[in-house]
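Worksheet: one structure, shown below.
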Amino acid sequence: MNRTGLPDWLSDALPERAAAPTEIAEAARHQVETIGLPGLRDEEWRWTNLRAIQRGRFHAPSGVGADVEPSTRLPLDNPLRLRFVDGAFQGVPDDLPEGVAITALADADEATRAAAFSPKPAPSVENPNDALVTLNTAMAREGVVVDVAANAIVERPIVIEWLDGATESTMSHPRVLIRLGESASATLIEHVETVGEKPAWRNSVIVSSIAANAALTHIALGLDGESRLSTTRTFAALERDARYHSHNVQLGGRMIRREYDVHVGGTGAHTDLIGLMMPHGKQLLDTHTRITHAAADTTSNEHYRTIADDAGRGVFKGRILIEQDAQRIEAYQSSNNLILSDDAEIDAKPELEIYADDVSCSHGATIGRLDQEALFYLRTRGIALDEARGLLIAGFAQEVIDELPIPALRDWLTTRVEQRLNDRSLPVDSDA
Amino acid sequence: MALLEIKNLHAEIDGSEILKGIDLTVNAGEVHAIMGPNGSGKSTLCHVLGGRDGYEVTQGTITFDGHDLLEMETEERAIAGMLLGFQHPVEIPGVKNIYLLKEALNAKREAQGLEEIDTFTFMKQVRELVASMDMDDAFLHRGVNAGFSGGEKKRNEILQMLLLEPKLALLDETDSGLDIDALKVVSDGINRMRGEARGIILVTHYQRLLNYVEPDMVHVLYKGKIIKSGDKTLAHRLEAEGYQEILQEAS
């Protein structure tokens, strides 16, 4: 029997000393022991269960990773690499561009750590029962702080490499804080890869604050690796005229749950949330987004696509909240989904909550199979049925890929998705 | 040997008979116009020739260039040289025009035992055709017909034909809804396709197209049958007298 709400192995792993300031860590520890992990009863977890984690008996790693390299080379121009192997930060690189300061979380001062672990990472985030973030606060020993100075335009992409699974059955709870000063601009890329074959679980949190007129582009690339389990949360707090552009591409992993909380809190601020998820095999790929328009004259644009194959499952839930005083808002959301096999499943749920009256808001969710009319059209051009299907599926993904801001990455991802689609075995007589 | 020979073709959709015994022979080098009022079966005939699912041929035969057409899949028909121009070309965002053109051309070349076309030759050829259709190169990198105007879609259909050089071009209401500038460009494209080795079938609702593309034969389709055939003067009579006169004459 559990002594607490947490599985015993997890409860036992709670550290004596965490990276969070003592008071915050202790409160988190107490709270998470009481509430435990989320279950299916929780509305936010209706479609995704954490059984694989509950039963996983993961342990926290101790000092690993010096020799672990990612197998994939992203086509990036002189990236600044921040490597985590099973959650262990591998150190600050030497050659930092001007205006960029990087600090290992363990070496950060108390105020910085308090900011990284603030129980209220964005003004609209009031979710004290969020077990996974709280667990991260209680557990985190490692992480990194990225500070971009005001007016700094950082051309080099800052790449966080999450290399998971180097040792068997490890779990990690890293925390990242990224702060952009006024009118700064930076690109953060999460390169997620599984380096081992045994299950590993990463429960990471990224807290970002984007000052007035600054722009953060945040690209998450979840690459192949079937054993990975991850639960991740991103907070973005936007001041006046700030921009947060998120691109979330999920191709691999066994169970991936990503959550975004974007607080559009200053007049003129804008956010884009763009996503592509391609669950196949027995993968579960899940994204939950929450955009809060808390200031007037703010805009958001959300576009997610899921292609589910085999017995893969895709989950998308997108919530847009427009507060009472936030007038003249434009918020658009679309979720388009393609199901390629009878065993695949996609759950898509838009949620709008609007308290202001001068708002232009739309949302739409579609779930379907390939367009028969388009298939016929391609075949009348001499393109064989299987190939025509492949073209349409790739084309469906391409529309989201085309929104990526880095051309070389766009081409690379196009090829990657094509390879994935070529590997699938299409039943000749299926309509899918 | 005729390029296309349709004999006593009956076809139905969802159990209701639309084509009720069509006979039509098209030889290489000829341009045939098939005219008829709404609901006469024009589009059904095009879909049956294209091999679209949902249309059941209950009687009759179609021979195309010596092949039993009804035994062939849609893509096999295209590769054998029959190309269908759509009344409503389908929008396929995400699949670039240039990609479709290349795939289609290479599918045909593969069937002919030829190697894939090299990119340089291909691009040169495509750019010339794009210019000849009064289109912009940028169109090549847009999604197939995605966000195109009606006129652009029809130009795109003709562009594909000019590149793929079919033995038989079957154009389903390619002229419908075109303004006069687009009609001239489209007609000019069709006229450039005319040749000794090629048959062209223009399925149309309006006589106007035939002022720009002069047919060798005109057929009137009514209630699933060709009720009258003649030379181009038949089209002029239709224009002047309307369908009613011709229908009475035929019955």
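Observations, loosely collected:
- Helix B:233-250 axis, angle to chain B major axis (alpha carbon atoms, nearest 10°): 40
- Amide H to amide H, with H built 1.01 Å from N, B:Gly199 comes under 5 Å of B:Gly29, B:Leu168, B:Ala169, counting only residues 5 or more places away or on other chains.
- Built amide H within the under 5 Å cut-off of A:Val315, gap 5+: A:Leu285, A:Asp286, A:Thr287, A:Asp347
- Chymotrypsin sites (Phe, Trp or Tyr not before Pro) restricted to segment A:349-432 and DSSP loop, no more than 16 other C-beta within 10 Å: A:Tyr355
- CD proxy at 222 nm, helix term only [per DSSP H run n ≥ 4: -39500 (n - 2.57); per residue of the protein assembly as shown; nearest 500]: -8000 deg cm²/dmol
- Stokes-Einstein D (µm²/s) once Rh is taken as the Kirkwood radius of segment A:186-240 over alpha-carbon pairs, at 25 °C in 0.890 mPa s: 190
- Under a 5 Å amide H cut-off, with hydrogens placed 1.01 Å from N, B:Ile22 pairs with B:Asn8, B:Leu9, B:His10 among residues at least 5 apart or on other chains.
- Computed over segment A:8-368: relative contact order in percent, which uses C-alpha pairs under 8 Å that are six or more apart: 11
- Residue-by-residue Karplus 3J(HN,Hα) for segment A:78-92, coefficients 6.51, -1.76, 1.60, Hz, glycine and proline x: 6, x, 9, 9, 10, 9, 10, 10, 6, x, 8, 6, 8, x, 7
- Taking the Cα centre of chain B as origin and assigning +1 to Lys and Arg Cβ atoms and -1 to Asp and Glu Cβ atoms, the resulting dipole is close to 320 debye.
- If you take the alpha carbon atoms of segment B:4-250 and fit the smallest convex hull around them, that volume is 123 Å³ per residue.
- Among B:Leu159, B:Leu168, B:Leu114, the largest mean-square fluctuation in a Gaussian network model of chain B (Cα springs under 10 Å) belongs to B:Leu114.
- Integer Hz, Karplus 6.51/-1.76/1.60 couplings in order for segment A:356-369, x for Gly and Pro: 8, 10, 9, 9, 10, 9, 9, 8, x, 10, 10, 10, x, 9
- The string of couplings for segment A:344-350 from the Karplus curve (6.51, -1.76, 1.60, θ = phi - 60°) is 6, 9, 10, 10, 10, 9, x Hz, one whole number per residue in order, with x for Gly and Pro.
- Residue (of A:Ala331, A:Ala116, A:Tyr355) at the positive-pole extreme of chain A, dipole from beta-carbon charges: A:Ala116
- Using the Cβ-Cβ distance between A:Arg369 and B:Asp216 with R0 = 41 Å, the FRET efficiency computed as 1/(1 + (r/R0)^6) comes to roughly 0.40.
- Folded to 0 to 90 degrees: helix B:119-132 orientation relative to chain B principal axis, Cα: 50
- Candidates A:Arg83, A:Arg228, A:Arg46, ranked by Gaussian network fluctuation over chain A, Cα under 10 Å, top entry: A:Arg46
- Rounded to 0.05, the FRET efficiency of the A:Arg81 and B:Thr233 pair, given R0 = 60 Å and the Cβ-Cβ distance, is 0.15.
- Computed across chain A, the Kirkwood radius stands at 22.1 Å (inverse of mean 1/r, all Cα pairs).
- Alpha carbon centroid spacing (whole Å) that separates segment A:319-335 from segment B:159-195: 47
- Note: relative contact order over segment B:4-250, using C-alpha pairs below 8 Å and six or more positions apart, is 28 percent.
- For the residues B:Ser149, B:Ser176, B:Ser43, a GNM of chain B with alpha-carbon springs under 10 Å puts the largest fluctuation on B:Ser149.
- Where GluC sites (Glu not before Pro) in DSSP loops with at most 13 other Cβ within 10 Å are excluded, longest remaining stretch of chain B: B:117-195
Only the coordinates and a few stated rules stand behind these numbers; no lab work does. Given the structure is predicted, the values throughout are model-derived calculations rather than measurements. Note: ideal-geometry Cβ built from the backbone for every residue, glycine included; neighbour counts use all protein chains shown.
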